[in-house]
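One structure is given here, and the rest of the page talks about it.
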Amino acid sequence: MGIIDIDSLGKYFPVKRRAFSKQAWLKAVDGVTFSIRDGAVFALVGESGSGKSTVARLILRLIHPTSGRILFRGEDIQAFRGPSLRAFRKSVQIIFQDPFASLNPRMSVFDTVSEPLKIHKLCKKAEMKDTVVALLNSVGLQADVLHHHPHEFSGGQRQRICIARALAVSPQVLVADEPLSALDVSIQAQILNILQDLQQRSHISFLFISHDLRVVQYFSDEVAVMYLGKIVEQARTEELFSNPLHPYTEELLASAPQLRPQAKKRGILKGDAPSPIDIPPGCTFHPRCPKRFDLCDRFPPQMQERSGRFVACHLYS
């Protein structure tokens with residue numbers, strides 16, 4: 001059991017393709033199971049539209065699941081009410097992809113970072129300024145930014161403010177949803193170093209969502225690969241990157257520049273993922289898979305354990 005346990009999680013959204021047509025379902029997340037260990041970094045990777053951000057929103061209880069359970073320290077988060085829900089909100093925080101959109105343009109840095117302290121009554125008024133300054137210092141910002149507003153900062157500085165705000169309540173889990181993708185490459189390294197130092201100092205658990213496989217390889221302890229709402233492979237980071245089992249994982253890693261220079265050169269992953277409204281029968285990856293065979297077209301593969309790791313592919317059935 002981890003600090004967060006996901007069991008057969010599903011999220012379907014009702015959609016209509018045209019007026020008066022029969023209602024269809026968009027399967028954003030479909031039967032996802034994994035655990036985030038205490039003090040570890042668990043990464044979700046996959047193409048856009050694979051369901052990664054929907055999983056994050058479900059864990060934060062911003063939306064409710066269609067099926068399955070999310071356990072926080074063994075308790076179902078859907079059962080939280082009142083004080084228990086308040087404690088959960090304090091324990092699980094998020095760092096958003098776009099630091100500008102996630103900051104209130106009318107609030108100063110002091111107001112932004114002090115707000116969660118006030119909401120959860122974690123700090124006396126006389127100590128508020130010193131506490132906020134200490135939080136800003138922990139992410140590389142100085143006290144002279146206290147009364148500035150978001151539009152006065154660069155993207156990297158805004159993301160530091162967002163991290164300081166998340167840290168204000170001393171969370172046990174940080175959900176980082178593409179926290180580097182809106183930043184310049186030179187700034188990405190700085191923010192990543194802050195997150196890594198934070199994780200090592202405080203032993204905070206991370207759900208780290210990213211499409212940048214080089215960052216995932218550097219930062220994470222365990223990786224799950226998502227495709228069309230399902231996890232197709234899950235393993236320790238070093239095992240997955242050195243020996244991917246699922247054909248989709250192989251193609252994904254091969255398409256990342258200079259990630260595995262020793263690997264046989266492949267072309268870029270061909271074609272687009274099918275619509276999550278019209279998921280093909282059998283293995284969802286079979287229309288794009290270079291290793292497909294007859295069984296793949298007819299039967300969906302089940303997740304199999306293989307030497308302590310998991311893969312959903314008929315090649316290993």
*Which value in nm describes the separation of the simple spin-label points at I277 and R106, placed 7 Å from the Cα toward the beta carbon?*
3.8
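Would you calculate, for the chain, the mean residue ellipticity at 222 nm contributed by helices, counting each DSSP H stretch of 4 or more residues as -39,500 (n - 2.57) and dividing by all residues, to the nearest 500? Numbers along the way, then the final one.
Working: 10 runs with 97 residues, N = 317.
Result for the chain: -9000 deg cm²/dmol, rounded to the nearest 500.
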*Name the most mobile residue of F293, F208, F241, meaning the one with the largest mean-square fluctuation, in a Gaussian network model of the chain with Cα contacts below 10 Å.*
F293
*Comparing R160, R61, R306, which has the greatest mean-square fluctuation in the GNM of the chain with Cα pairs linked when under 10 Å apart?*
R306
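D for the range 1-96, whole µm²/s, Stokes-Einstein with Kirkwood Rh over alpha-carbon pairs at 20 °C and 1.002 mPa s: what number?
For these conditions, the coefficient is 147 µm²/s.
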*Does anyone have the angle between helix 185-202 and the longest principal axis of the chain? Alpha-carbon axes, 0 to 90°, nearest 10?*
80
*Measure nothing but the geometry: give the 0 to 90° angle between the long axis through the Cα atoms of 128-138 and the longest principal axis through the Cα atoms of the chain, rounded to 10°.*
50
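How would the range 41-133 be classified by its alpha-carbon gyration tensor: rounded, prolate or oblate, with rounded meaning a/c under 1.5 and the a/b versus b/c comparison settling the rest? List each step's numbers first, then the result.
On the way: a/c = 2.63, a/b = 1.44, b/c = 1.82.
Verdict is oblate for the range 41-133.
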*Cα centre as origin, Lys/Arg/Asp/Glu Cβ charges: the chain dipole, Debye*: 760
_Are there any chymotrypsin sites (Phe, Trp or Tyr not before Pro) in the range 77-140 that are in a DSSP loop and have at most 16 other Cβ atoms within 10 Å? List them by number._
F80, F100
*Put one equal scatterer on each alpha carbon of the range 4-245, apply the Debye formula with no solvent term, and list log10 I(q)/I(0) at q = 0.08, 0.09, 0.15 1/Å to two decimals.*
-0.33, -0.41, -1.08
*Can you list the chymotrypsin sites (Phe, Trp or Tyr not before Pro) in the range 10-68 that are in a DSSP coil and have 11 or fewer other beta carbons within 10 angstrom?*
F20
*Other-chain or far-sequence residues with amide H under 5 Å of F206's (modelled H)*: A40, V41, F42, L174
*Where the centre of each part is set by its Cα atoms, how far does the range 86-116 sit from the range 281-317, in angstrom?*
41
*Once a ≥ b ≥ c are taken as the square roots of the eigenvalues of the Cα gyration tensor of the range 168-230, is the result rounded (a/c under 1.5), prolate (a/b larger than b/c) or oblate (a/b not larger than b/c)?*
oblate
_0 to 90° range, to nearest 10: angle between helix 109-119 axis and the chain longest Cα axis_ = 80
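Each value in this text was obtained by applying a stated rule to the coordinates, not by laboratory testing. All of these numbers come straight from a predicted model, not from anything done at the bench. No Cβ is skipped: glycine too gets one built from the backbone with ideal geometry, and neighbour counts run over all protein chains shown.
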